[in-house]
Structure formats: structure tokens, C-alpha cells
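Just below is one structure, and these are the notes that go with it.
The values are calculated or read from the model by the stated rules, or taken from the named source; none is laboratory data. Predicted model, so just to flag it, every value in this text is computed and none were measured. Reconstructed Cβ throughout: ideal geometry from the backbone, glycine too, with neighbour counts over all protein chains shown. These area figures cover heavy atoms from the full protein model, side chains too; ligands, DNA and RNA do not enter into them. Shrake-Rupley method; radii C 1.70, N 1.55, O 1.52, S 1.80 Å.
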Amino acid sequence: MRLTVIGCAGSFPSADSPASCYLIEHDGQRILLDLGNGALGALQRHMDLTWPGALDAVILSHCHVDHCVDVASLYVQRHYAPTTSGALLRILGPSDARGRIAAIYGMNDPAMLDAEFSFEPLGSAHSIGPFIIDAVPAAHPVESYSIRVSAGGSSLVYSGDTGPTQSLVDFSAGADLALYEASFVGEGNPPDLHMSGADAGRIASAAQVRTLVLTHRVGWNDDAIALREAASHYDGPILLASAGQVIDL
């Protein structure tokens, strides 16, 4: 299984990266975790979206714009490009994803999206080609999920946006890679919103994951602090996510 970081900027695109988007590939099939601001453009450096079947699914952790807004642009690409888009693209996400994407686009009737997408609520043990997708609720102000992707004997857990929870520890147990957000630094941060580098390190250590990747880092924080905080709680390999980064599991 291969992970390519398409975008990793927290809350809004940075000068160096789109917002959240992660490409997962295995046995010739491809899925996306989130599709935030600016990610659709960067994604085309890694695949030809005009090829039918280029993508097998998009999994949305939640419907804040920095995680989902470019699904509306993907609709435009699929619906109006002078090529055959192929079968409906599966969109797994929160129960309100269809309506949220339609509102972003400005559609009066969300059913227009059904010409290109098949929306499904996130749950347990979705099968997409070689991938098994599991999800658990996350601690965030809107309906949100952390997501586990398994294929070829490997697994990764994507925290999405969440405050630290015991359920994320349990959900991440034994994963090969933990792709955890590190939006905050220091202690005493607001509850049920985001994690800090220290939170990410504590959860990765408790879950005994093999590698920790810190993502969704916001521009006003110092990456070195996030890395130092995580390392103070987790003694395994720690990487800072960057746009274009490729990790083979």
C-alpha cells in the first residue's frame, strides 16, 4: 500500500501545500482520504482524471471546507469534461455529505450530484477493491470520523480532525502508520476540536503504531515544536507530512 500526501495544510491551503488530501494506492486501485481546498489541482500531478476509473472512491472524514470542498470541483471535472467519466464514483462520508457538497456548489437540488457520485454513510468494513475501510466517530464540532484503511497486510489510520480520545487509541492499535493531525501546540487547548503534537505522540505510543506522520499543521505554529512534542511521548519514527511525500507501507 502506498500513501501520497496531496495536501496537508491545516484549516486552509498554505503557500506550499493544498489542504487535506491523501492518495492511497494498492494493486492498481486508488482511493482518496479527503479532498480539501486546492487538492484537485495538485492531484492531477499524480493521475489523469480523464481516464475512466482513475479513482475508485473518495472518503471524507467530515465536511469542513478544508477537507471536502474540492469534491464540488471534481463534479465539474467529471460532468463537463469531454471524456467518459465511467461508473459513478463512490463517496463515503458523513450522513450530510451529499447536501453539504451541493450547497458548496450552489445546487438547488442535491440530486444533480447523483449523475456522477454515489454517496454512502461511513461505517465499518466497507470493501473497495483491495481496501477495507473502517471508521469511528471523532471529537469535532461537526459529524466527523477517523478512518482506518487496510490492504495487502498493512494498515494506516487517519485521525481526521479530532480532539484526543481513547477511541482513537483503540482504533489505531497496531497500525503500520498513524496519520495524525497536530494543529495545536502546548497544553490546555480547547477540548473536542484538534490534537497537538503531544496528543499525537501519546496516542501513537499507547496504540503501538509503527510510524507516526504529523499532518494538518497550521501556518502560525512552528513545525519543530510539534515534532519535539510528539517525540517526547513516542519513541518510534516520526515524519512531518509534506505535499508530494510518498510513503510505502
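What's the number of the only condition in (1) in a strand (DSSP E or B); (2) among the polar types (S, T, N, Q); (3) open to solvent by less than 50 Å² (accessible area, probe 1.4 Å) that THR162 fails to meet?
All conditions are met except number (1).
Under 8 Å between Cβ atoms, at least 6 apart or on separate chains: pull out the pairs that start in region 220-249 with a residue that is within 16 Å of ASP16 (Cβ to Cβ) and without any contact (Cβ under 8 Å) to a residue 40 or more places away in the chain and end on any residue that is in a helix (DSSP H, G or I) and open to solvent by less than 50 Å² (accessible area, probe 1.4 Å).
Going by the 8 Å Cβ cut-off, the qualifying pairs are LEU240/ALA226.
Of the conditions (1) more than 23 Å from VAL142 (Cβ to Cβ); (2) in a loop (DSSP other than H, G, I, E, B), VAL213 clears all except one; give me its number.
So VAL213 meets the others, but not (2).
One line per residue, one yes/no per condition, for (1) aromatic (Phe, Trp, Tyr); (2) surrounded by 22 or more Cβ atoms within 10 Å (Cβ to Cβ); (3) in contact (Cβ under 8 Å) with a residue 40 or more places away in the chain; (4) over 27 Å from GLY123 (Cβ atoms):
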| site | (1), (2), (3), (4) |
| --- | --- |
| THR50 | no, no, no, yes |
| ILE59 | no, yes, yes, no |
| TYR80 | yes, no, no, yes |
| THR83 | no, no, no, yes |
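Of all residues in region 24-39, which are surrounded by fewer than 20 Cβ atoms within 10 Å (Cβ to Cβ) and free of Cβ contacts under 8 Å to residues at least 60 places away in the same chain?
Going through region 24-39, the residues surrounded by fewer than 20 Cβ atoms within 10 Å (Cβ to Cβ) turn out to be 26-29.
Selection gives GLY28 alone.
So, in region 169-183, of the ones that are part of a helix (DSSP H, G or I) and closer than 19 Å to ILE24 by Cβ, which residue ends up most open to solvent (accessible area, probe 1.4 Å)?
Here is the first cut: in region 169-183, the residues part of a helix (DSSP H, G or I) are 169-172.
Checking the rest, the ones that are also closer than 19 Å to ILE24 by Cβ come to 171-172.
Details: PHE171: 29, SER172: 0 Å².
Only one residue tops the list, namely PHE171.
Condition first: farther than 24 Å from SER154 by Cβ, under 16 Å from the mean Cα position of the chain (by Cα), open to solvent by less than 30 Å² (accessible area, probe 1.4 Å) and of a type in the set (A, V, I, L, M). Can you find one or more residues in region 107-128 that meet it?
Of region 107-128, the ones farther than 24 Å from SER154 by Cβ are 107-119, 121.
Now narrow it down to the ones that are under 16 Å from the mean Cα position of the chain (by Cα): 121.
Next, from what is left, pick out any that are open to solvent by less than 30 Å² (accessible area, probe 1.4 Å): none.
Scanning region 107-128, I find no residue that is farther than 24 Å from SER154 by Cβ, under 16 Å from the mean Cα position of the chain (by Cα), open to solvent by less than 30 Å² (accessible area, probe 1.4 Å) and of a type in the set (A, V, I, L, M), so the answer is no.
Considering only region 142-158, state which residues are part of a loop (DSSP other than H, G, I, E, B) and without any contact (Cβ under 8 Å) to a residue 60 or more places away in the chain.
First, the residues of region 142-158 that are part of a loop (DSSP other than H, G, I, E, B): 142-144, 152-153.
Answer for region 142-158, where residues must be part of a loop (DSSP other than H, G, I, E, B) and without any contact (Cβ under 8 Å) to a residue 60 or more places away in the chain: just GLY153.
Within the group GLY219, GLY186, which residue is in a loop (DSSP other than H, G, I, E, B), surrounded by fewer than 23 Cβ atoms within 10 Å (Cβ to Cβ) and in contact with an Asp or Glu (Cβ under 9 Å, 6 or more places away or on another chain)? So that I can check it myself, show each step before the final result.
Numbers: GLY219 fails: in contact with an Asp or Glu (Cβ under 9 Å, 6 or more places away or on another chain).
One residue alone meets the criteria, GLY186.
Select from region 89-106 the residues that are loosely packed, with under 14 Cβ neighbours inside 10 Å and either closer than 22 Å to HIS194 by Cβ or in contact with a strand residue (DSSP E or B) (Cβ under 6 Å, 6 or more places away or on another chain) (or both) and list them in ascending order.
Correct list: SER95 only.
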